[in-house]
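The values are calculated or read from the model by the stated rules, or taken from the named source; none is laboratory data. Since the model is a prediction, treat every value here as computed from it, not as a measurement. Cβ coordinates were reconstructed from backbone atoms using ideal geometry, including for glycine residues, and neighbour counts include every protein chain displayed.
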Amino acid sequence: MVFDNKIKQKNMKKILLDTNFLLIPIQFKLDIFTEIRNICNFKYKLYILDKTIEELNNIIEKQKGKNKDAAKFALKLVKFKKINIIKTKEKFSVDRLIVETANKKAYIVATLDKPLKKQLKLKNIALIVLRQKKRLVLDGNI
C-alpha cells in the first residue's frame, strides 16, 4: 500500500502560483481554484514561495483600494486552501526564484507577468495563464 502511495505522489504535478495570480479572484472575479481544477486533467498540488507572502504583505502595507483588498483576500486563500509554502534562502527577486524553482523541480507556473512568462517559455516550462480576463488556460507541454 505504501508503494502505491509513492507512485501516486510521483505522478502528481506541482503548480507554483505567482503573486499576481493570487490577486485574480478580486481583480477579475474569477475562482482560480475551480478554473485550475477544470483545466488540469491530472493530480496536482499548489505551491507558493515564502517571498510571495512577503509581496502580498507589502501590497497590503503600501497600496490602497482594490490591490490592498485583493492581497488581503489572497492571504486568506493561501491559508484556507492550505497552499504549500516553499522556503527560500536566496535574496533574489521573486521572479528569478520562480524561474529557478520551476526549472529545477519541473513545476507548472501560474502567472500573469509578461516578462516572467517569456523567461519561462524560453526554458520550456508549462504555464497557466489568464485569457480574456475570463478563464485560465494551460500553455505548454506538461
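How many residues are outside any helix (DSSP H, G or I), out of contact with any helix residue (DSSP H, G or I) (no Cβ under 6 Å at 6 or more places or on another chain), free of Cβ contacts under 8 Å to residues at least 60 places away in the same chain and surrounded by 11 or more Cβ atoms within 10 Å (Cβ to Cβ) if we restrict to the range 94-126?
Of the residues in that region, 1 qualify.
Looking at N38, N20, which is the one that is touching an Asp or Glu at 6+ places or on another chain (Cβ under 9 Å), modelled with pLDDT of 95 or more and within 24 Å of A106 (Cα to Cα)? I'd like the intermediate steps shown before the answer.
Details: N38 fails: touching an Asp or Glu at 6+ places or on another chain (Cβ under 9 Å).
None of the others qualify; the one that does is N20.
Take the residues in the range 93-142 that are more than 23 Å from N58 (Cα to Cα) and polar (S, T, N, Q); name whichever of them is modelled with the lowest pLDDT.
Step one: list which residues in the range 93-142 are more than 23 Å from N58 (Cα to Cα), which gives 102-108, 118-142.
Narrowing further to those that are polar (S, T, N, Q): 103, 119, 124, 132, 141.
Working: N103: 90, Q119: 95, N124: 94, Q132: 94, N141: 76.
Filtering the range 93-142 for residues that are more than 23 Å from N58 (Cα to Cα) and polar (S, T, N, Q), the one modelled with the lowest pLDDT comes out as N141.
Looking at the range 45-79, which of its residues are in a strand (DSSP E or B) and surrounded by fewer than 16 Cβ atoms within 10 Å (Cβ to Cβ)? Let's see the steps before the verdict.
Initial filter on the range 45-79 (in a strand (DSSP E or B)): 45-49.
K45 - this is the single residue of the range 45-79 that is in a strand (DSSP E or B) and surrounded by fewer than 16 Cβ atoms within 10 Å (Cβ to Cβ).
Within the range 41-57, work out how many residues are aromatic (F, W, Y) and under 14 Å from T111 (Cα atoms). If you could, list the steps in order and put the result at the bottom.
First pass over the range 41-57, keeping only residues aromatic (F, W, Y): 42, 44, 47.
Then keep just the ones that are under 14 Å from T111 (Cα atoms); that gives 47.
Total meeting the criteria: 1.
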